[in-house]
1. Placing +1 at every Lys and Arg Cβ and -1 at every Asp and Glu Cβ, with all other atoms neutral, what dipole size does region 306-387 have around its Cα centre, in debye to the nearest 20?
2. With a 1.4 Å probe and all protein chains kept in place, how much accessible area does residue 374 have, in Å² rounded to the nearest 10?
3. Karplus couplings for region 305-311 from phi (6.51 cos²θ - 1.76 cosθ + 1.60, θ = phi - 60°), rounded to Hz, Gly and Pro as x?
4. Mind ordering 360-366, 107-113 by average Cβ neighbours within 10 Å, highest first?
5. Sorting 329, 338 by accessible area (1.4 Å probe), largest first, what list results?
6. Farthest toward the dipole's positive end in region 70-201, which of 96, 132, 148, given Cβ charges of +1 (Lys, Arg) and -1 (Asp, Glu) about the Cα centre?
7. Using a 1.4 Å probe on the protein chains only, how many percent of the accessible area of region 77-202 belongs to carbon and sulfur?
8. Using a 1.4 Å probe over the heavy atoms of the protein chains, calculate the carbon and sulfur portion of the accessible area of region 256-351 as a whole percent.
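The values are calculated or read from the model by the stated rules, or taken from the named source; none is laboratory data. Model, not experiment: these values are computed from the prediction. Virtual Cβ from ideal backbone geometry, glycine too; neighbours counted across all protein chains shown. Each accessible area value is taken on the protein alone, full model and side chains, heavy atoms only, with ligands, DNA and RNA left out. Shrake-Rupley method; radii C 1.70, N 1.55, O 1.52, S 1.80 Å.
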Amino acid sequence: MELSISSCSSLRTSLNSPPSISGCRNKLLTFKTAPPFLSFSNNLSSSTRLHTRKFSLTRPSTITHRRHSIWACSKVDAAGTDPQLNKVLQFRDAFWRFLRPHTIRGTTLGSLSLVTRALLENPNLIRWSLLLKAFSGLLALICGNGYIVGINQIYDVGIDKVNKPYLPIAAGDLSEKAAWFLVFMLAASGLLIVGLNFGPFITSLYCLGLFLGTIYSVPPFRMKRFPVIAFLIIATVRGFLLNYGVYYATRAALGLTFEWSSPVAFITTFVTLFALVIAITKDLPDVEGDRKFQISTLATKLGVRNIALLGSGLLLINYIGSVLAAIYMPQAFKRSLMIPSHVILALGLTFQAWALERANYTKEAISEFYRFIWNLFYAEYILFPFI
């Protein structure tokens, strides 16, 4: 059906025939069926041509309904692009990147693993009230972790623009003023939680961790300039303080005095050495920026290949020591799990080091190798409660 509307106030439709053209100026619109917004009168002529002067528009109630529908849709669309909501979502994303999620995973797994081990050693002392205390302790550790990595980003913003441009301050997604506010809030919140729940000794250990994290990054100390001191700080905070402090606090919450067990001594030693490897290899992806800003690291001094081999060698010593501990201390460890699991992890490390060599130490391969080291770190904590 073709609908012809002319400037003369007549409406002409033609069924199965060409449109009629009058002396008036016509505009043609084509429809396969009659348009829904028009209803025609039923006056038909004897010919196949239909002439009508009367047509009615859609009922007013329908028009009103459609207007309301259009208004509602526009409101929904506006809500989906609300600038305030976008700001909240952008801040959430920037804050999460500011916390460095891979470090939070390590802290969380380490805390949960040691608490689980302490509870398994003393199942008769487990109480539901301990869950709230354990959660508050984990929150305090995450706050401390956020403070340390946050203060480092504030003072490393120039280097991060080269090495880690995705970090929020370097990317311009988080202002320096906002970053300062966040690190102060994280430190204050962590200290408040620990002070109210865990007593003076654990609070002093927590303060020591914050202090070491501060002098690592903040001038005039900036101990990260000195590779050996920097490695020792990272190993102490992420290795000894975390494991010893969490296990001590858990036993205290159970009403027990601190006492080293063979598995806890093992994981503390293992993770401290592992944290040293993380400290050594963390600079591998950052060699370009460190050289540009004249930051002295082992990677810039000895080369990427040598540091990758050194880190792999130290981790293999860790895994060999784990197998030997299971062999010579069967009363303390489950051989059936500890030996095969650490052999598999050692083989995975060896393969990853070989893949890095084959890739000729490209930046992408180095980043993949560093991520794999963190995955090995997580795996050890996952295994620990069961060995």
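1. For region 306-387, the charge dipole is close to 160 debye.
2. Looks like 10 Å² after rounding.
3. For region 305-311, the Karplus curve yields 4, 5, 5, 4, 5, 5, x Hz.
4. By packing density, highest mean first, the sequence is 107-113, 360-366.
5. Result of the area sort, largest leading: 329, 338.
6. 132
7. On the way: 4660 of 6780 Å².
The computed percentage sits at 69.
8. 67
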